[in-house]
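Following: one structure in structure tokens, then a few remarks.
The values are calculated or read from the model by the stated rules, or taken from the named source; none is laboratory data. None of these values were measured; they are calculated from a predicted model. As a convention, Cβ positions derive from the backbone with ideal geometry for all residues, glycine included, and neighbour counts pool all protein chains shown.
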Amino acid sequence: SADETLAHLQAALKRRRRLSDQAQMLVRKAMAYIHSHYTHPLTRQDIAHYVGMSEDYLTHCFRQELGTTPVEYLNRYRVLQARHLLAESDKSITNIALEVGFSSSSYFSRVFRKEVGQSPEEYRRLKQSSVR
């Protein structure tokens, strides 16, 4: 979301600058690419190619700027989008997983549990019961 992006950028700006302005700009460009293409199959190679840097340098820059890897950032963003869908729709877990770009519902569930601390089913149940 825009708020999450701004929070990441503000946190990055508060940290001691370790990357050049150009590298920081490329990280922001990669983040924007992720936000625009998260619903499609997306690899570290795809992101690196888009911003014009090597995969390893992209990962280095992400770690320095955001404290995470591009793939972890992508998965977090997908989970964030899935959380909205789980709370606001009656779509199946599998459909939501596919809609936000995960290749399978089992992988989605593992990543979701790691990020949120509960399964997608538990998350939906708690969100829906809190609305009532």
**OP:** Identify all residues within the range 107-132 that are surrounded by fewer than 15 Cβ atoms within 10 Å (Cβ to Cβ) and under 21 Å from ASP90 (Cβ atoms); write none if there are none.
**Re:** GLN118, SER119, GLU121, GLU122, ARG125, LEU126, LYS127, GLN128, SER129, SER130, VAL131, ARG132
**OP:** Only residues in the range 119-132 that are over 9 Å from LEU86 (Cα atoms) count as the first member; pair them with residues that are hydrophobic (A, V, I, L, M, F, W, C) and modelled with pLDDT of 85 or more, Cβ under 7 angstrom, at least 6 apart or cross-chain, and list the lot.
**Re:** SER119/PHE112
**OP:** Might you check whether a residue that is within 20 Å of LYS127 (Cβ to Cβ) and not hydroxyl-bearing (Ser, Thr, Tyr) occurs anywhere in the range 4-18?
**Re:** yes
**OP:** Give LEU58, LEU98 a once-over and let me know the one that is within 17 Å of the chain's Cα centre (by Cα), assigned by TED's automatic domain parsing to the domain that holds ARG110 and in a helix (DSSP H, G or I).
**Re:** LEU98
**OP:** Using the structure shown, decide if LEU19 is in a loop (DSSP other than H, G, I, E, B), over 25 Å from ILE96 (Cβ atoms) and among the aliphatic types (A, V, I, L, M).
**Re:** yes
**OP:** Could you grab me the full set of residues in the range 90-106 that are surrounded by fewer than 17 Cβ atoms within 10 Å (Cβ to Cβ) and aliphatic (A, V, I, L, M)?
**Re:** LEU98
Original post:
Is it true that some residue in the range 70-89 is out of contact with any strand residue (DSSP E or B) (no Cβ under 8 Å at 6 or more places or on another chain), surrounded by 15 or more Cβ atoms within 10 Å (Cβ to Cβ) and assigned to a loop (DSSP other than H, G, I, E, B)?
Top reply: no
